[in-house]
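Novice: Structure provided below as structure tokens; questions to follow.
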Amino acid sequence: MAYPQFIAHLSDIHIGHSHARLQAAFLLRNQLRQHKIDRIVVTGDITEHGRTDEYATFQDVFAEFISDGRLIAVPGNHDRLGDNIAQHMLQGKRVQKIEYPGLCVIAVDTTGSHNRFSFLGHGALNTEVIDEIESVAASVAPENFVIVALHHHPLQQPEEMFIEKVATFFKTPIAKELQLGKELIQKLGGRCDLILHGHRHFSLETHIATVARALHVYNAGSSTELFKFRLFTLDGGKLSSDPVWISCK
Ligand SMILES: [Fe+2]
Ligand SMILES: [Fe+2]
């Protein structure tokens, strides 16, 4: 069995936010080129305003990884704004199973129609989608490495940004975790190795021990704000060590 060896996780690129963010995207792309990376997972907020031209710029910057099928991207709440480029991602599905030798990525769209308004940035997850994710995970051969990629955080994360504190004060759930996030994690226990997400721009990691296999939840934070991405190393279909940060500054 051929397993992937190196998997990179980026998130919240926000192309269209500023020239600085675009420059950071180029630096990240250059750093990805320096490593032998089998798969690149980008967990949403690809664009700042959900515009077609912003998405085209993202596709240009990361063209070499998109054209050879190495890059997998899921939509974030910002991708629902403007031209709603989110509708063109994951072929319009809520859950997409993407298979490679020794690896299955379950790409999940946690955005909703409320995300057409920028102040309503929180995610959406319902029991039907959780059941679909669970059934896809159950269909994967147990020796394969399984990643669930989604934008919004399934577990509570402290408020770090001023805007998040203001939003919470006004009872806007922008910084709130997915309503059924804990249920999702419970269902994936023993069937999944990594949950990768973004949305909150500061990175975080949580490790959940289960009897069958450990489940790790990683928030990449905003890669273009932090100027770094995580690199996971696998050996024979299992994580061989803790991931490392690769800086592009
Ligand atoms: Fe974001
Ligand atoms: Fe977001």
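All of the numbers you see were taken from the coordinates with simple rules; none came from a lab. Since the model is a prediction, treat every value here as computed from it, not as a measurement. Cβ coordinates were reconstructed from backbone atoms using ideal geometry, including for glycine residues, and neighbour counts include every protein chain displayed.
Novice: What is the spin-label model distance, in nm, from SER241 to LEU204 if the labels are put 7 Å beyond Cα along the C-beta direction?
Specialist: 2.7
Novice: Alpha carbon centre of segment 25-41 versus segment 85-146: separation in Å?
Specialist: Centre-to-centre (Cα) distance: 23 Å.
Novice: Here's something else I'd like to know. Can you tell me what share of the DSSP beta bridges in segment 5-141 is antiparallel? A percent to the nearest 5 is fine.
Specialist: For segment 5-141, the DSSP antiparallel bridge percentage is about 40.
Novice: Same structure again: How much mean residue ellipticity at 222 nm does the chain get from its helices, if each DSSP H run of length 4 or more adds -39500 (n - 2.57) and you divide by all residues, to the nearest 500 deg cm²/dmol?
Specialist: Here the helix-only value at 222 nm equals -7000 deg cm²/dmol.
Novice: Quickly rank 45-53, 147-155, 117-125 as a protection proxy: mean count of other C-beta atoms within 10 Å, highest first.
Specialist: 147-155, 45-53, 117-125
Novice: A follow-up question, please. Mind jotting down a quarter of the surface of the convex hull over the alpha carbons of segment 64-212, in square nanometres, one decimal?
Specialist: In nm², the orientation-averaged hull projection of segment 64-212 is 9.7.
Novice: Take every DSSP beta bridge with both residues inside the chain and express the antiparallel ones as a percent of the total, to the nearest 5.
Specialist: Within the chain, antiparallel bridges account for around 50 percent of the total.
Novice: Find the Rg to Rh ratio for the chain, where Rh is the Kirkwood radius over alpha-carbon pairs and Rg uses the same atoms.
Specialist: Expressed as Rg/Rh, it is 0.93.
Novice: Please list the non-local residues whose amide H lies under 5 Å from the amide H of PHE145, H modeled 1.01 Å from N, same-chain partners needing a gap of 5 or more.
Specialist: LEU103, CYS104
Novice: Quick check: convex hull over the Cα atoms of segment 40-86, volume per residue in Å³, rounded to an integer?
Specialist: Value for segment 40-86: 55 Å³ per residue.
Novice: Taking 0.36 nm per intervening residue step and subtracting the Cα-Cα distance, what contour gain separates GLU143 from ASP131 on full extension? Don't skip to the end; give the middle numbers.
Specialist: On the way: separation 12, 0.36 × 12 = 4.32 nm, distance 2.16 nm.
Residue separation times 0.36 nm, minus the Cα-Cα distance, leaves 2.2 nm.
Novice: Below 8 Å, C-alpha to C-alpha, sequence gap of six or more: please give me the relative contact order for segment 6-247 in percent.
Specialist: 21
Novice: Across the chain, how many lysine pairs separated by 8 or more positions, or lying on different chains, have Cα atoms within less than 18 Å?
Specialist: Counting lysine pairs in the chain gives 5.
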